[in-house]
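Novice: Quick one: the structure is below, questions incoming.
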Amino acid sequence: MRITGTKFVVVPLWLIKAEGGRPLKSTTLLAWCWLQHHMNRETGLCFPSLDTLAEEVGCSKRSVNLAIKNLVELGAVKVERRGPKSSMYRLVY
């Protein structure tokens, strides 16, 4: 994987402290970062595949699913189904 340019992501402080002051698990934090990287700046939506996220985060699809579930429970991400095997994500700031 090669990333070019000067891209960066922003992680809200409330998200970092969302689990009672304990740091987020690295998989959850990286999932947020990669979702934000894929986000369309005009619509606020993104729809990377679980395979793509797993490769970028460096973990299994199951771990990415758990990370996204955690982000949903924290109120940081909303998930909408786009079909039987596809999801669309909206990050909440």
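The values are calculated or read from the model by the stated rules, or taken from the named source; none is laboratory data. Bear in mind that the values here come from a model prediction, so they are computed numbers and not experimental data. Reconstructed Cβ throughout: ideal geometry from the backbone, glycine too, with neighbour counts over all protein chains shown. These accessible areas exclude ligands, DNA and RNA; they are computed on the full protein's heavy atoms, side chains included. Shrake-Rupley method; radii C 1.70, N 1.55, O 1.52, S 1.80 Å.
Novice: Once you charge only the Cβ atoms, +1 for Lys and Arg and -1 for Asp and Glu, what is the size of the charge dipole of the chain about its Cα centre, to the nearest 20 debye?
Specialist: Numbers: 14 positive and 7 negative charges, 22 e Å.
Using only the charged Cβ atoms, the result is roughly 100 debye.
Novice: Let me ask something additional. Stick to Cα atoms and the Kirkwood definition of Rh, then tell me Rg/Rh for the chain. Before the final figure, lay out the partial values.
Specialist: Numbers: Rg = 12.7 Å, Rh = 13.5 Å.
Dividing the radius of gyration by the Kirkwood radius yields 0.94.
Novice: Then there is this: How far apart, in nanometres, would the label points at Ser60 and Cys33 be if each is projected 7 angstrom from Cα along the Cα-to-Cβ direction?
Specialist: Using points 7 Å along Cα→Cβ, the separation is 2.3 nm.
Novice: What lysines sit close enough to Lys17 to cross-link, taking a C-alpha to C-alpha distance under 28 Å and skipping anything fewer than 8 places away on the same chain?
Specialist: Lys7, Lys25, Lys61, Lys69, Lys78
Novice: Multiply the residue separation of Ser87 and Ser26 by 0.36 nm, subtract the distance between their alpha-carbon atoms, and state the gained length in nm to one decimal. Let's see the in-between values first.
Specialist: On the way: separation 61, 0.36 × 61 = 21.96 nm, distance 2.21 nm.
Here the segment from Ser87 to Ser26 would lengthen by 19.7 nm.
Novice: Report in % the part of the accessible area of the chain that belongs to carbon and sulfur, leaving out ligands and nucleic acids; probe 1.4 Å. Numbers along the way, then the final one.
Specialist: Working: 3350 of 6180 Å².
Exposed carbon and sulfur together represent 54 percent of the surface.
Novice: For a quick check of your reading of the filter: which trypsin sites (Lys or Arg not before Pro) in the stretch 48-93 sit in a DSSP loop and have no more than 13 other Cβ atoms within 10 Å?
Specialist: Details: sites: Lys61, Arg62, Lys69, Lys78, Arg81, Arg82, Lys85, Arg90; in loops: Arg82, Lys85.
Passing both the DSSP loop test and the Cβ count: Arg82, Lys85.
Novice: How high is the relative contact order of the chain, in percent, with contacts defined as C-alpha pairs under 8 Å that are six or more residues apart? It would help to have the intermediate numbers written out before the result.
Specialist: Details: 107 pairs, mean separation 24.2, N = 93.
The normalised contact order for the chain reaches 26 percent.
Novice: Quick check for you: with a 1.4 Å probe and neighbouring chains kept, what is the accessible area per residue of the chain, in Å²?
Specialist: Numbers: 6180 Å² over 93 residues.
I get 66 Å² per residue for the chain.
Novice: Related question: Could you tell me which GluC sites (Glu not before Pro) in the stretch 10-92 are loop residues by DSSP with no more than 12 other beta carbons within 10 angstrom of their beta carbon? Walk me through the numbers before you get to the answer.
Specialist: On the way: sites: Glu19, Glu42, Glu55, Glu56, Glu73, Glu80; in loops: Glu42.
Those that pass, being in a loop and sparsely packed, are Glu42.
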